[in-house]
Amino acid sequence: MPKATTTIAWDPDTESILFIDQTALPRRYEVVRCSSVERLAEGIRRLEIRGAPALGVAGALGVALAALTSRKPDPDRFRSDVRKAAEVLRSTRPTAVNLAWGVDRVLDRVLTAPSIEEARARAVAEAVAVADEDEAVCRTLGDYGADLIPDGATVLTHCNAGALACRAWGTALGVVRSAVAAGKEVRVIACETRPLNQGSRLTCWEMAHEGIDVTLITDSSAAYLMQTGAVDLAIVGADRITHDAVFNKIGTYMHAVCARHHAIPFYVAAPLSTFDLVHMAKDITIEERSRDELAWCGDRQLAPEGVRVLNLAFDATPLDLVTAIVTEAGVLRPPYREAFASARRGDAR
Ligand SMILES: CSC[C@H]1O[C@H](OP(=O)(O)O)[C@H](O)[C@@H]1O
């Protein structure tokens with residue numbers, strides 16, 4: 001079984017996008033070749049591609065694909081065509097800011113190009129740059145974060161913030177990989193992360209394939225393990241970081257509150273592209289997903305017909321519960337407003 005090294009990539013030979021279908025894991029490792037924006041949008045909605053940084057790369061590559069597949073001969077109608085495709089991609093998932101960030105990075109290149117041919121060339125170049133940057137950023141933030149993990153530590157994580165949530169390497173799991181690469185022994189506790197089980201299906205798959213010690217637990221076991229002293233620190237990814245909160249998979253807030261209660265460090269690992277310093281938490285839409293994701297598990301019915309289901313995909317953890325935020329600009333610590341400003345200036349460390 002191959003390692004999860006590259007989650008999503010551009011194939012220049014066929015001018016298509018290749019991505020691992022994460023809904024098939026852990027049982028099947030399947031790579032999808034995507035040649036249309038509609039198919040890419042479906043893959044994002046179904047979480048075949050998921051994870052904030054991976055969504056940023058998907059958004060970027062999707063706009064490049066739109067530029068290559070538009071058949072509008074007139075530049076204005078071509079640009080309108082690509083704008084519409086960009087809106088389709090942007091609308092697939094509202095919470096992770098990286099998706100819109102990736103879309104906008106390439107859309108800007110298309111809309112400012114002097115010709116259709118130049119627009120296509122610039123779009124592909126920018127999208128590939130977004131993908132390549134993501135892997136480099138994850139490795140850099142991983143190396144910064146590795147210093148936070150003591151040798152022999154047991155690290156609790158939630159959902160999947162690994163290579164599968166990025167182009168490669170990962171954010172929270174990128175920190176774990178960097179610590180292991182530095183020679184440290186690290187034990188991972190992976191919360192299953194209901195209802196789509198990114199933790200059991202994806203984090204365990206990644207860690208097992210790299211021989212990193214991993215133990216799967218139910219989400220509801222985390223507090224007890226913190227209480228018994230079984231957890232040395234927690235580290236999670238992020239989908240959007242505002243001036244007042246970290247948006248991440250539902251359940252993250254619960255772990256942060258418990259970690260604070262038990263004086264356990266609670267870290268967030270995320271690239272600067274996940275920061276949204278324009279909006280406050282109250283402004284952000286938390287994605288609600290389908291009833292069936294909670295009421296069914298495959299063909300096994302878990303809740304009676306007609307029972308109301310609230311399937312929130314994310315929650316918002318107040319920054320005062322976050323010990324530090326690991327980025328490619330360094331490890332950011334409170335006071336965060338100043339730390340964010342210095343990170344964006346490039347003088348954080
Ligand atoms: C490295 S960010 C990963 C982030 O994305 C996940 O959400 P989803 O699986 O719904 O895309 C989750 O919030 C992870 O922390």
When restricted to THR218, THR242, the only residue under 23 Å from ARG289 (Cβ atoms) and surrounded by fewer than 17 Cβ atoms within 10 Å (Cβ to Cβ) is THR218
Only unsatisfied item for VAL186, checking (1) under 20 Å from the mean Cα position of the chain (by Cα); (2) surrounded by 22 or more Cβ atoms within 10 Å (Cβ to Cβ), is (1)
When the stretch 250-273 is checked residue by residue, the ones that are more than 18 Å from SER178 (Cβ to Cβ) and buried (at least 22 other Cβ atoms within 10 Å of the Cβ) are GLY251, THR252, HIS255, ALA256, ALA259, PHE266
Worksheet entry | Yes/no for LEU294 being modelled with pLDDT of 95 or more, more than 20 Å from the chain's Cα centre (by Cα) and surrounded by 13 or more Cβ atoms within 10 Å (Cβ to Cβ) | yes
Scanning the stretch 204-239 for residues that are farther than 13 Å from MET254 by Cβ, assigned to a loop (DSSP other than H, G, I, E, B) and without any contact (Cβ under 8 Å) to a residue 40 or more places away in the chain gives GLY211, ILE212, THR228, GLY229
Going residue by residue through the stretch 172-193, is there one that turns out to be within 14 Å of the ligand (Cβ to nearest atom), assigned to a loop (DSSP other than H, G, I, E, B) and hydrophobic (A, V, I, L, M, F, W, C)?
no
So ALA172, is it within 17 Å of the chain's Cα centre (by Cα) and among the aliphatic types (A, V, I, L, M) | yes
Considering the stretch 195-215, residues that are of a type in the set (Gly, Ala, Ser) and crowded, with 18+ Cβ neighbours inside 10 Å, and then whichever is nearest to the ligand (Cβ to nearest atom), we arrive at GLY199
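The values are calculated or read from the model by the stated rules, or taken from the named source; none is laboratory data. Fair warning: this is a prediction, and the values are worked out from it, not measured in the lab. Please note: Cβ atoms are built from the backbone with ideal geometry, for glycine as well, and neighbour counts cover all protein chains shown.
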